[in-house]
Structures are given as structure tokens and as C-alpha cells.
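These notes concern the structure reproduced below.
The values are calculated or read from the model by the stated rules, or taken from the named source; none is laboratory data. Note that the coordinates shown come from a computational prediction; the quantities given were computed from them, not determined experimentally. Glycine also receives a Cβ, built like all others from the backbone with ideal geometry; neighbour counts cover every protein chain displayed. Side chains included, ligands, DNA and RNA excluded: accessible areas come from the protein's heavy atoms. Shrake-Rupley method; radii C 1.70, N 1.55, O 1.52, S 1.80 Å.
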Amino acid sequence: MTGGRVGVCISALIYCTSLPPAPALAVGQPAAPAAHHADMVMIGDLERRTFQWFWDSADPRTGLVPDRAPSAQTFSSVASIGFGLTAYGIGVTRGYITRTQAITRTLTTLHYLLDGPQNDSADGAMGYRGFYYHFLNRATGLRYNHEIELSSIDTALLMEGVLFAQSFYDYHTPREAEIRDLADRLYRRVDWQWMKRPDNRLSMGWSPEHQFIPNYWEGYSEGMMAYILGLAAPTHGLEPASWQAWLATNNQRWGNYYGQTFLNFAPLFGHQYSHAWIDFRGVRDEWARGKQIDYFENSRRAVYAQRAYAMANPGKWQGYSATTWGLTACDGPGEVTQKLDGRDRHFLSYSARGAGRDYTQDDGTIAPTAAAGSIAFAPEIVLPTLRDMKNHYGQKIYGRYGFVDAFNPSFHSGQSYWTDSEYLGIDQGPILLMIENWRTGLVWNVMKRNPYIRAGLERAGFEGGWLPAAPPAPAGGHDARTTQLAPLPATGGTASGQTGRRDGAASVHPS
């Protein structure tokens, strides 16, 4: 397997959380100051540029989004499509594009996904039993090659975007009703029962050549979203026993790491993906209640632990500090050994970098998405990190679409250090979604209106927080199936083609 999406699979193979006030800090951490105007300008620029990557790179004819761009690679990532479908709603709300533009692009994408062939052939399918291959040929929409598996987690990332579209486009107009119908059909078609192993865990994938792959989703990771989606499905759904099976290793991964006690997962993308769509603050399942924590707080601690790891810098890599850190799945300089300070140091290409009790993989490569995609968890340490990284390295790592995927101050080529030249959809996505969640709570609040997300959480045993809130009575002009929490848009149009703020939450910081 090749390309950015492989990082999700790599991490899994290694391993076989309405904005209220900002989350409380860990004991002993200083209170966070309010964001400065200059920081908000920086974040606004980063969000706009990151959105533009999705808008420019998606094929307007099909809606397919590439795994990476600009790049000579030619395949699309279905996970990138899920982030893209969400990006379009953010673009409407921010005024980057009109609502009409977003509707057109979303309808194109959903029709293409629904109409693509679903069968068990090796070469003639986009997917099978509602699941999708994680890489698709951008010209044909079919499985990219025989090394690519039907992916449960990529399908889950796609379906998060599909359900976001279902709830975001909630006006009583024919085209928005069509979006809701297409989204419902796509989600209901996924056969989670078929992907389930006899022990109730979800398999990571399937291929016509090898059938189900031996690896499965277990333990705290991005797999959380797949189980919640599977539990909610009205057809082919999972039983609560699957959630309990997924939790089975939690106690083994719970413990102290660099001053924080939390449920470990080494790369930060595993903490970001599910949280990008679902607000886990204050909602707890049985396991979290027993630890007196919620999964959002758990991931916030993971971010602090990574920063403390970089400050300690046990690998003695160049550039690591309190404001230069971030390990996650990303590109790297390549599989090569260089001499650094008199020692032979081995560097990696694309890899699931991370630091935790479970494992550490660190070759000095820093991924800006690790910090930027964690802004909703810990803005008080992320903002100075992004500021310093941009100020110190920005000439080489900050461009048309924001931060490039990765850079490595320790790996030298000639007179300079290594930097990537590409942007990856699965790393751009957390940056965009989590910035908007921090600024306004938009994605979280849209997903709170989705009945499937609510049902999945409830079937997994989640209680408390926003979950018990009763939905408002249906109002004129809106579809009652998906309008549950956010207030109706204000009357009166804007230059962006929207009809007022839809997220229903005052921003904690200036937006």
C-alpha cells in the first residue's frame, strides 16, 4: 500500500470527545490567556488556506478528493472525501463559497458514490456491501489496484462526512432534500454486520483476493467512530457487545506518560479523527465514568504528554521544544541513514509516528497537523506552537494551502533541512475541522442534530453532557429529521449565500 492513507492502516496494524467554556487544564497547568488578535488572524488565514485545498483539489465532475496534492499520484482517498464533504459546510459558514456552490459539489459527490458499482469483483467495483476501497482511481472511481483493501475505517471517515451533509443541508428545498435522501441511502447500505468478526470486533478490511484481513479494531483509536456508526445503523447494525469488545484493552493502555494519566494512543491522529465530528465533552460511557474522565479530556492529556515528550527530547532531535512538537502519521525524508552529531540516525518515509506508553516512533519529523488538529483540545499550547513554527520555518513549510504535511529539522540535504512539498487530505482534514470546532463548534453542533450519531452514542452507553438535551420543536422551512439542537438560521442573506449562523454556539474566542 502507498500514500497518505496508509498511515491509518499502519497505526492500526501496530496496535492490533454548543461550545461550553474551554476545557479545564490538568492539575498544575497554568490558565490559558485569551487568544491575541494576531493569533486569530493567523488561524483565520490557516483555516481559509486549508479549506481551499479541498475545494481546489476535488474533481468537480465526480467529487472525488485526492489522497494528496499537488502530487504525481493519481488516486483518490475516500477518507479525504469524508473530510471534503464536511469542508464544504465550513466554507459556506465562513463565506468562502456560496451555499449553492456547496450543494452542487455535495450532490455531485453523493451521486457518484451511490451510483458507483458495488460488487465482489477484483477490478470492477468502487466498493462492496456499502463499504469502499480506501484508494480509488480518480479517472474511473474504481479500486485503485489489487493491493488496496475494502476499508472499514476509511468508510467510517467517509460516512462521517456523509452524515454531516445530511444534517447541515436542512432546508426544505428539493436539492437539500435530495442530499438528505442520498446520505441516508449511503449510510444505510453499509453492512457492519458483515464486517464484524465472530468475537464482535470489526475487521479492518476485506479484499476479493484474501477475504477478511486478520487485523481488527480494538482499543482507543480512530476506530471509535466506526463502532459508533455501526451501532447506530438501522440496517446491518452492530450490537452493544461490539462496543464492549472494542473497550477490552483499555485498562492495559491506561497509565502515566510524561506527567499525564490517560488512555494511550501514540500518534495524535487517533485522538483527532473521531473528535473532529463528535463532541465527547461531558458525555461518558461506562468505562469513562469509571475513570472519572471523558474521551475529550483523555485526548487533551495526550496532547500535553506529546509536548512534554518534545521538551524532554529523549531522541536528541534538532528543533524540538515547547513550541515545536507534533508526532502523528505523516510523510518523512525517506528510508535512509544519516550521521547526526557523530551518530548514525535512521529516518523514515511515510510512517505512523507517535509517542506513548504503547510505543514510540520518532525520527525527528514534525507534522504540523499533529498540533493544529489538536487546537480544540488544548489551544493554550497549540497557538504558540503554530505561531513559532510559522515564524521560524514558515518560508519553507507554509504555502498556498497552509502548512505542508511535515518537515524534519534534523535531516539535512545540502545547506537546508527536509520539508515536504505535498498536502495530505487526511492531515488537512483535522486542521480544518478542529479549527472550526474551536472557533464556533460548527461541526460538533451539526452532528449533534444527526439522529444516527445520537443513537450510536446511546447504544454504546454514553450519558450526560449534551446528550440528554431535548430537540427543539420542528419549525417551518426545516426538515424535522435532522434539525434537533441548533437554532434556526437568522433571516436575511449574506454575501456567501448562507442565511445566517447555523452552528448555534457563541464562539469562545473571536471568530
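Listed values, structure above:
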{"item": "Rg/Rg_globular for segment 37-460, with Rg_globular taken as 2.2 N^0.38 Å and Rg from C-alpha atoms", "result": "0.94"}
{"item": "Relative contact order of segment 137-196, defined on C-alpha pairs under 8 angstrom at six or more residues apart (%)", "result": "27 percent"}
{"item": "Segment 37-460 - percent of accessible surface contributed by carbon and sulfur, probe 1.4 Å", "result": "48 percent"}
{"item": "FRET E, pair residue 115, residue 235, Förster distance 22 Å, beta-carbon r, rounded to 0.05", "result": "0.65"}
{"item": "Gain on full stretching of the segment that runs from residue 349 to residue 100 - 0.36 nm per residue minus C-alpha separation", "result": "85.6 nm"}
{"item": "Inter-site label distance for residue 173 and residue 215 at 7 Å from Cα along Cβ, in nm", "result": "4.3 nm"}
{"item": "Bins of 10 Å from zero: percent of alpha-carbon pairs in segment 191-301", "result": "13, 44, 32, 9, 1"}
{"item": "Surface per residue (accessible, 1.4 Å probe) for segment 37-460, Å²", "result": "30 Å²"}
{"item": "Loop-resident sites, segment 150-210, for GluC sites (Glu not before Pro), counting at most 11 other Cβ within 10 Å (DSSP)", "result": "209"}
{"item": "Local net charge near residue 201, Cβ-Cβ under 15 Å (Lys/Arg +1, Asp/Glu -1)", "result": "-2"}
{"item": "Point-charge dipole on Cβ atoms (K/R +1, D/E -1) for segment 37-460, about Cα centre, debye to 20", "result": "780 debye"}
{"item": "Mean Cβ count within 10 Å, highest first, over the residues of peptides 357-364, 285-292", "result": "357-364, 285-292"}
{"item": "Cleavage-rule hits, trypsin sites (Lys or Arg not before Pro), segment 379-412, DSSP coil, Cβ neighbours within 10 Å at most 14", "result": "400"}
{"item": "Over segment 37-460, relative contact order from alpha-carbon pairs under 8 Å, at least 6 apart, %", "result": "17 percent"}
